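Undergrad: My questions will all concern the structure given below.
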Amino acid sequence: MKRLMATMTAAALMAGCAEGAHSAGPVATGPTPAPTRSHGQSPPPTTEPTSGGSGSPTSPPSTSPPASPTGTVTLEVWFDGEGGQRLAVVHRTVPATRAVGTAALHELLGGPTDTDVADGVGTQVPPGTTLNGLSVSHGVATVDLSHDYFSGGSAVSEWTRLGQVVFTISQFGTVDGVEIQLDGDPIRPFAQDGSFLGRPWTREDFELIAPALVVESPLPGDTVGSPVEIAGTADVFEATVSLRLLDANGHELATGFTTATCGSGCRGTFSTTLAYHVDHDQQGTALVFESSAKDGSPINVVEVPVTLTA
């Protein structure tokens, strides 16, 4: 797969960031503010992201407050790995909340743990960055961050931190695109070559720095039944994606493979199912990986914790 550094230059990114600079970094000059909404115009309906369904409210408000969720929820938090060459996902388990998008972004802004760092995971989000607000309307998440978010670093660093936010908030089914603001001032979305997109960012815009395998279904913490659908995107050798399903004790319940629509230097999509049998509901793990062309060992392994229903 072509790496980010082989297909773009800092100068190209700077072209997309040159006007209306916010950054104090030595290379990049900051994002371009997008036109703001008229003060007399009412904002559209907003809601917190959810794992599926519509991004806009579809039912009238309840006359009684809903019960607070209990238990925990597992979230994807996207940092960077491979020395900043690719994005890397870490799973965080937090107290259950309806504000899952806010929780995921707070985990992102909190940075990697010592264990993450030992595993080669880092972040390009500057320390001190805070979340001012999050809303979702008609499939577009608007993430308002403090100006610290673009306070320094190279153009490549800025591109990676944009990808971290876009991947973290777009894990939710109600989010199709992402807009980012700095203290309320919108950044005009731009592509890797610096050209303006004219639309919100999506995961596809950052595919050159995405990991070899990205699992989009099931999501961490999902409850699944047999057969479980496993889908995502891949850039792997000969487009071959291998899969395993493990029970609560780590025993293999099912195994298989599928072929992505593209591979070995290009990113394609994949989707397949694995049938399994358990005699009671339990925690399990979906493993998605690439078999090494050298010795067949699993590489680029993605582990997705799920609940398996009997």
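The values are calculated or read from the model by the stated rules, or taken from the named source; none is laboratory data. Being a predicted model, the structure only gives us computed values, none of them experimental. Ideal geometry is used to build each Cβ from the backbone, glycine not excepted, and the neighbour counts take in all protein chains shown.
Undergrad: Please work out which residue is surrounded by the most Cβ atoms within 10 Å (Cβ to Cβ), limiting yourself to region 257-310 and to residues that are farther than 22 Å from residue 76 by Cα and of a type in the set (D, E, K, R).
TA: Looking at residues that are farther than 22 Å from residue 76 by Cα and of a type in the set (D, E, K, R), I get 281.
Undergrad: Might you let me know whether region 188-196 holds any residue that is surrounded by fewer than 17 Cβ atoms within 10 Å (Cβ to Cβ), assigned by TED's automatic domain parsing to the domain that holds residue 78, touching a Phe, Trp or Tyr at 6+ places or on another chain (Cβ under 7 Å) and of a type outside the set (Gly, Ala, Ser)?
TA: Checking region 188-196: at least one residue is surrounded by fewer than 17 Cβ atoms within 10 Å (Cβ to Cβ), assigned by TED's automatic domain parsing to the domain that holds residue 78, touching a Phe, Trp or Tyr at 6+ places or on another chain (Cβ under 7 Å) and of a type outside the set (Gly, Ala, Ser).
Undergrad: Being of a type in the set (Val, Ile, Thr) and free of Cβ contacts under 8 Å to residues at least 12 places away in the same chain is the requirement here; does residue 70 meet it?
TA: Values: of a type in the set (Val, Ile, Thr): yes; free of Cβ contacts under 8 Å to residues at least 12 places away in the same chain: no.
Answer is no for this residue.
Undergrad: Which condition from (1) under 21 Å from residue 91 (Cβ atoms); (2) surrounded by 17 or more Cβ atoms within 10 Å (Cβ to Cβ); (3) modelled with pLDDT of 95 or more is the one that residue 229 breaks?
TA: Only one criterion in (1) under 21 Å from residue 91 (Cβ atoms); (2) surrounded by 17 or more Cβ atoms within 10 Å (Cβ to Cβ); (3) modelled with pLDDT of 95 or more is unmet by residue 229, namely (2).
Undergrad: Determine whether region 192-214 contains at least one residue that is under 30 Å from residue 275 (Cβ atoms) and part of a helix (DSSP H, G or I).
TA: yes
Undergrad: Name the residues in region 238-256 that are closer than 29 Å to residue 205 by Cβ and surrounded by 17 or more Cβ atoms within 10 Å (Cβ to Cβ), would you?
TA: Of everything in region 238-256, those that are closer than 29 Å to residue 205 by Cβ and surrounded by 17 or more Cβ atoms within 10 Å (Cβ to Cβ) turn out to be 239, 240, 241, 242, 243.
Undergrad: Also, quick follow-up: Which one of these is of a type in the set (A, V, I, L, M, F, W, C) and under 25 Å from residue 260 (Cβ atoms): 140, 178?
TA: None of the other options fit; the residue is 178.
Undergrad: Give me the pairs: first residue in region 264-288 and of a type in the set (A, V, I, L, M), second residue in a loop (DSSP other than H, G, I, E, B) and surrounded by 15 or more Cβ atoms within 10 Å (Cβ to Cβ), beta-carbon distance under 7 Å, and six or more apart or on different chains, which are they?
TA: Every condition considered, the pairs that remain are 275/226; 278/247; 286/218.
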